[in-house]
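The block underneath contains the structure these notes are about, expressed in structure tokens.
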Amino acid sequence: MSGQQAGNVRFDFTGQTVLVTGGAQGIGRGIAALFHEAGAHVAVLDRDAAQLASSWSDAGDRVSTHAVDVSDAEAVAAVVDEVVRWSGSVDVAVNNAGITRDTVVWKMTPADWQAVLDVHLGGTFAVTRAVVPHMRGAGRGRVVNVTSYTGMHGNVGQANYAAAKGGIIAFTKTVAKEVARFGITVNAISPNAATAMVAAVPADKLAAMTASVPLGRFAEPEEMAAAVAFLASAEAGYITGVVLPVDGGIAM
Ligand SMILES: NC(=O)c1ccc[n+]([C@@H]2O[C@H](COP(=O)([O-])OP(=O)(O)OC[C@H]3O[C@@H](n4cnc5c(N)ncnc54)[C@H](O)[C@@H]3O)[C@@H](O)[C@H]2O)c1
């Protein structure tokens, strides 16, 4: 990890169950790994069964993996029930799964539009609606969503992604208001990390993107995890409905 302080952060989630979507690789894998290291039971959801298996096959009995498409609300509800039967609770949910189908709006097909909305916004909805009743029963809980700079400022070629990520911000604030009285907080991070999603960006555009980061680099996925763990911690109990940029200063 290149963030000099990040390795010194220590969280204790022993006895808690953390559900992470899109945890087969990238930021989601980094998030799930930190919670696992911090003692949690971790349920990793991803539609890529092969990558899920190769990333988590040796992880031991505090990890359960679930090959599921997060945009399928019924399948997600069944997985959440399975997770609660496995570990007894779901204390933290991290809505991280995502895709891109980039092109300018006049070339964007309805399928490109719908697929991106379904995964980001539909998946965040599907998981949140399924976990809230369990958290409400426990009188506490944490939902952490993953949005993007693009969801606040827009980006050429990403009308679908920007709409989905902007929607996640509105969803975060609304659900934060709805569930605050149950002891549940709902927040979001806005990341910037070197992952497969970023590797898909053309080299010249990527160089320009890197140059625009005040801290001068893309982060490692693991550096996103510390911010998520903070928002999921007991110490963050008075923080709800915020978007925390974890982006090297891009949002300034
Ligand atoms: N990497 C960045 O700099 C950056 C910046 C802003 C936002 N984000 C967001 O962070 C999140 C993680 O991105 P990443 O860079 O790690 O991408 P990634 O492509 O490396 O990982 C995304 C994961 O989500 C999974 N996934 C996709 N569709 C799914 C579905 N329908 N159901 C279940 N799983 C599904 C993929 O299989 C993959 O494992 C995304 O929401 C992305 O939009 C990333």
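The values are calculated or read from the model by the stated rules, or taken from the named source; none is laboratory data. If you're wondering where the values come from, they're calculated on a predicted model, not measured in any experiment. Cβ placement follows ideal geometry from the backbone for every residue including glycine, while neighbour counts extend to all protein chains displayed.
Data table
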item: GLY39 being closer than 21 Å to GLU223 by Cα, more than 10 Å from the ligand (Cβ to nearest atom) and of a type outside the set (A, V, I, L, M, F, W, C); result: yes
item: Single match in ALA188, ALA176, ALA164 (criterion: of a type outside the set (Val, Ile, Thr), crowded, with 18+ Cβ neighbours inside 10 Å and away from the ligand (no atom under 16 Å from the Cβ)); result: ALA176
item: Residue identified as more than 10 Å from the ligand (Cβ to nearest atom) and aromatic (Phe, Trp, Tyr) among PHE218, PHE230; result: PHE230
item: Number of the condition not met by VAL119 [criteria: (1) crowded, with 20+ Cβ neighbours inside 10 Å; (2) touching a helix residue (DSSP H, G or I) at 6+ places or on another chain (Cβ under 7 Å); (3) among the hydrophobic types (A, V, I, L, M, F, W, C)]; result: (2)
item: Listing of helices (runs of 4 or more DSSP H) fully contained in the range 176-252 that carry 2 or more residues being free of Cβ contacts under 8 Å to residues at least 60 places away in the same chain and small (Gly, Ala, Ser); result: 203-211
item: Residue among VAL143, VAL132, VAL119, VAL198 that is within 19 Å of the chain's Cα centre (by Cα) and away from the ligand (no atom under 15 Å from the Cβ); result: VAL132
item: Count of residues meeting criterion [within 12 Å of the ligand (Cβ to nearest atom) and on the phi > 0 side of the Ramachandran plot] in the range 147-161; result: 0
item: Residue count, the range 19-36 (criterion: aliphatic (A, V, I, L, M) and either within 16 Å of VAL70 (Cα to Cα) or near the ligand (Cβ under 6 Å from one of its atoms) (or both)); result: 4
item: ARG142 in contact with a Ser or Thr (Cβ under 6 Å, 6 or more places away or on another chain), surrounded by 20 or more Cβ atoms within 10 Å (Cβ to Cβ) and charged (D, E, K, R); result: yes
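Condition check ((1) within 19 Å of VAL143 (Cα to Cα); (2) of a type in the set (A, V, I, L, M); (3) modelled with pLDDT of 95 or more) across all residues:
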residue: ARG62; (1), (2), (3): no, no, yes
residue: GLU82; (1), (2), (3): yes, no, yes
residue: ARG85; (1), (2), (3): no, no, yes
residue: VAL94; (1), (2), (3): yes, yes, yes
residue: THR100; (1), (2), (3): no, no, yes
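Each row is one residue, and each column tells you yes or no for (1) assigned to a loop (DSSP other than H, G, I, E, B); (2) surrounded by fewer than 18 Cβ atoms within 10 Å (Cβ to Cβ).
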site	(1), (2)
VAL94	no, no
THR103	yes, yes
ALA111	no, yes
GLN114	no, yes
ALA126	no, no
ALA130	no, no
ARG136	no, yes
